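The values are calculated or read from the model by the stated rules, or taken from the named source; none is laboratory data. As the structure is a computational prediction, the values presented were derived from the model and not from experiment. Methodologically, a virtual Cβ is constructed for each residue, glycine included, from the backbone with ideal geometry; neighbour enumeration extends over all protein chains shown. Ligands, DNA and RNA are stripped out before the accessible areas are found, and what is left, the full protein with its side chains, is counted by its heavy atoms. Shrake-Rupley method; radii C 1.70, N 1.55, O 1.52, S 1.80 Å.
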Amino acid sequence: MLMRVSRETKPAYLPVPYLYPVLKDQHGRQSTYLRLAVTDRCNLRCRYCMPEEGIDFAARKDLLTFEEIIFLSEVLAELGVNKVRLTGGEPLSRKGLPKLVKGLGRIFPEMAMTTNGVLLPPVLDELAGYGLNHYNLSLDTLREDRFFQITRRDEFNGTWRALEALLERGIKTKINVVVLKGTNDDELGDFVALTKDRKLDVRFIEAMPFNDDDGNHHLYLSHGEMLASIRERFPDIAPDAGEAHSSSVAYRVPGFTGTVGIIPAYSRSLCGSCNRLRLTPKGTMLNCLYSTKGIELLPLLRQGIGRQDLADLITAFVMGKHKTGHDTQRLEQSGNIFASMTSIGG
Ligand code: SAM
C-alpha cells in the first residue's frame, strides 16, 4: 500500500542540512521561480491552446493533493525557490484553491497567478489576504465578438470585470495577449493605448505550436513583426528597463504610465536568464516549457519520499537543465507534437 505524505504543516524539518542549498543548473543559473499548474481543466477553450472537446483531463486521484504540493513547496523553498505562480488550466477552477494559496503564502515570499479572471472577483480579496498580489490576466482581444471566436466562450465581460477589480485595488497586473496572425494582430495598438493612463503592463506573446498538427505556424507573428506593427501607431515606443529574469522584452511609450512587453515564447531569445521550474498538475517536474521529459514526483510522494531524498533528486534534475528551449526541443522531443499548454501551464 502506498504511504501518504505527512500532513504536518509546522516543520519539524528545519533546518535541513541539504548538501546543495540552491538549485543551480549546469550553465550556472539558479532556479528560484516555480510555475505550479494546479489543474489541466479550464473554463475557456482558446483555439490555440485546447480543442473544443477538451483534452484527456487528469482524474482527480492523479492530481497532486494540496498536502503534496505544500510538502514539495517546503522542500523547494529550502532549496532557494522564492516565488510561485499558480497556473493551469484555469487555476481558479481547482476546487478549494484559496486553501492552497493560504498554505503557499506561508512558504513563498512572492506569489502570483496567471488566469483568465472569469472566476476571480469573488475570491480576489481573500487571495490578496494570503499574499497573492501579482496577476497575469489572459486577454487576447478587446472585442467581445472576437473573445468568443478565440475562446469559444462568451466570457469577455467576466475577464474585463476582473481587470477592473484588479486595477481598482492597485494590484500589480499584466495582461497577456497571445498574438494570432489574422485574428487579433490589428489590435496591438489598442492594447498599447490601455497603458497610457493605467498602471498596467501589456505583454504580447508569440503564439507557440500547441494544439495543431501543422504546428500553428500560420498564426505566428514574430517579436520584430509585432514591434513594427506597434510602431505604426506609436512610432516613439522605446526600450524600457525590464525586470530581472523577465520572460519579456520591455518597451514603453514615452509619458505612458504602463509598459509594453513582448514575450518571445517561440523564438526563445530570453532563455539565457531563465530561473524557472515547472510542476504539472500530475506532479511532473519540468525544467523548460519545451520539455517532454521530467521527473514524476507523484508516485514518489505517495511512497513517502523523505525531504532530503526529494531535495537531492530535484537538485540533480535541475543540474541537467538545457541552455535554451531550442536545445530542450532538439534533445528531448522526437517531432513537433506538443501537448496542450493547459497541462503545462504556459
Ligand atoms: N487559464 C489561465 C489563463 O488563461 O491565463 C492559465 C493557463 S494558460 C495555459 C497560461 C498562458 O499560456 C496564457 O497566457 C495563455 O494565453 C498562454 N498560452 C496558451 N497556449 C499558448 C500558445 N499556443 N502560444 C502562446 N501562449 C499560449
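Among residues of segment 110-130 being away from the ligand (no atom under 12 Å from the Cβ) and open to solvent by less than 30 Å² (accessible area, probe 1.4 Å), the one that is nearest to the chain's Cα centre (by Cα) is M111.
Please verify whether D186 is surrounded by 15 or more Cβ atoms within 10 Å (Cβ to Cβ) and not polar (S, T, N, Q), treating the condition exactly as stated. In short, no. Taken over segment 244-271, the criterion of being more than 12 Å from T195 (Cβ to Cβ) and within 16 Å of the chain's Cα centre (by Cα) is satisfied by H245, S246, S247, S248, I262, I263, P264, A265, Y266, R268, L270, C271. The set of residues in segment 201-212 being within 11 Å of the ligand (Cβ to nearest atom), open to solvent by 10 Å² or more (accessible area, probe 1.4 Å) and under 22 Å from H134 (Cβ atoms) consists of R203, I205.
Yes or no, residue by residue, for (1) within 16 Å of the ligand (Cβ to nearest atom); (2) surrounded by fewer than 13 Cβ atoms within 10 Å (Cβ to Cβ); (3) part of a loop (DSSP other than H, G, I, E, B); (4) on the phi < 0 side of the Ramachandran plot:
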{"position": "L221", "(1), (2), (3), (4)": "yes, no, yes, yes"}
{"position": "M226", "(1), (2), (3), (4)": "yes, no, no, yes"}
{"position": "D236", "(1), (2), (3), (4)": "no, yes, yes, yes"}
{"position": "H245", "(1), (2), (3), (4)": "no, no, yes, no"}
{"position": "G255", "(1), (2), (3), (4)": "no, yes, yes, no"}
{"position": "G261", "(1), (2), (3), (4)": "yes, no, no, yes"}
{"position": "R278", "(1), (2), (3), (4)": "yes, no, no, yes"}
{"position": "P281", "(1), (2), (3), (4)": "yes, no, yes, yes"}
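Whether any residue in segment 137-152 is away from the ligand (no atom under 16 Å from the Cβ), of a type in the set (A, V, I, L, M) and in contact with a strand residue (DSSP E or B) (Cβ under 7 Å, 6 or more places away or on another chain) is what I want to check. Within segment 137-152, not a single residue is away from the ligand (no atom under 16 Å from the Cβ), of a type in the set (A, V, I, L, M) and in contact with a strand residue (DSSP E or B) (Cβ under 7 Å, 6 or more places away or on another chain). Filtered by the rule that a residue be buried (at least 18 other Cβ atoms within 10 Å of the Cβ) and not in a helix (DSSP H, G or I), segment 131-163 gives L132, N133, Y135, N136, L137, S138, L139, D140, T141, E155. So is L286 open to solvent by less than 30 Å² (accessible area, probe 1.4 Å) and either within 16 Å of the ligand (Cβ to nearest atom) or over 24 Å from P91 (Cβ atoms) (or both) or not? So L286 passes the test. Could you grab me the full set of residues in segment 36-70 that are aromatic (F, W, Y) and either within 11 Å of the ligand (Cβ to nearest atom) or in a loop (DSSP other than H, G, I, E, B) (or both)? Within segment 36-70, Y48, F57 qualify.
When residues in segment 41-71 are screened for being of a type in the set (D, E, K, R) and open to solvent by less than 10 Å² (accessible area, probe 1.4 Å), 1 of them pass.
Within segment 307-346, if we keep just the residues that are open to solvent by 30 Å² or more (accessible area, probe 1.4 Å), modelled with pLDDT of 85 or more and not in a helix (DSSP H, G or I), the residue that is farthest from Y48 (Cα to Cα) turns out to be G320. Restricting attention to segment 76-86 and to residues that are part of a helix (DSSP H, G or I) and surrounded by fewer than 23 Cβ atoms within 10 Å (Cβ to Cβ), the residue that is farthest from the ligand (Cβ to nearest atom) turns out to be E78. Pairs please, first residue from segment 83-111 and under 17 Å from T280 (Cβ atoms), second anywhere and at pLDDT 95 or above and away from the ligand (no atom under 16 Å from the Cβ), Cβ atoms under 7 Å, 6+ apart in sequence or on different chains. Every condition considered, the pairs that remain are V84/S73; V84/L104; V84/F108; L100/F66; L100/I69; L104/S73.
So that you can scan it fast, the table gives a plain yes or no per residue for (1) more than 25 Å from L92 (Cα to Cα); (2) part of a loop (DSSP other than H, G, I, E, B); (3) more than 16 Å from the ligand (Cβ to nearest atom):
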{"position": "T173", "(1), (2), (3)": "no, no, no"}
{"position": "V178", "(1), (2), (3)": "no, no, no"}
{"position": "K199", "(1), (2), (3)": "no, yes, yes"}
{"position": "S229", "(1), (2), (3)": "yes, no, yes"}
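Of the residues making up segment 87-109, those that are open to solvent by less than 30 Å² (accessible area, probe 1.4 Å) and either under 20 Å from L23 (Cα atoms) or charged (D, E, K, R) (or both) are E90, R94, L104, F108.
Yes/no matrix, rows are residues, columns are (1) in contact with a helix residue (DSSP H, G or I) (Cβ under 7 Å, 6 or more places away or on another chain); (2) within 26 Å of P51 (Cα to Cα); (3) β-branched (V, I, T):
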site	(1), (2), (3)
H218	no, yes, no
A241	no, no, no
H245	yes, no, no
P264	yes, yes, no
S273	no, no, no
L301	yes, no, no
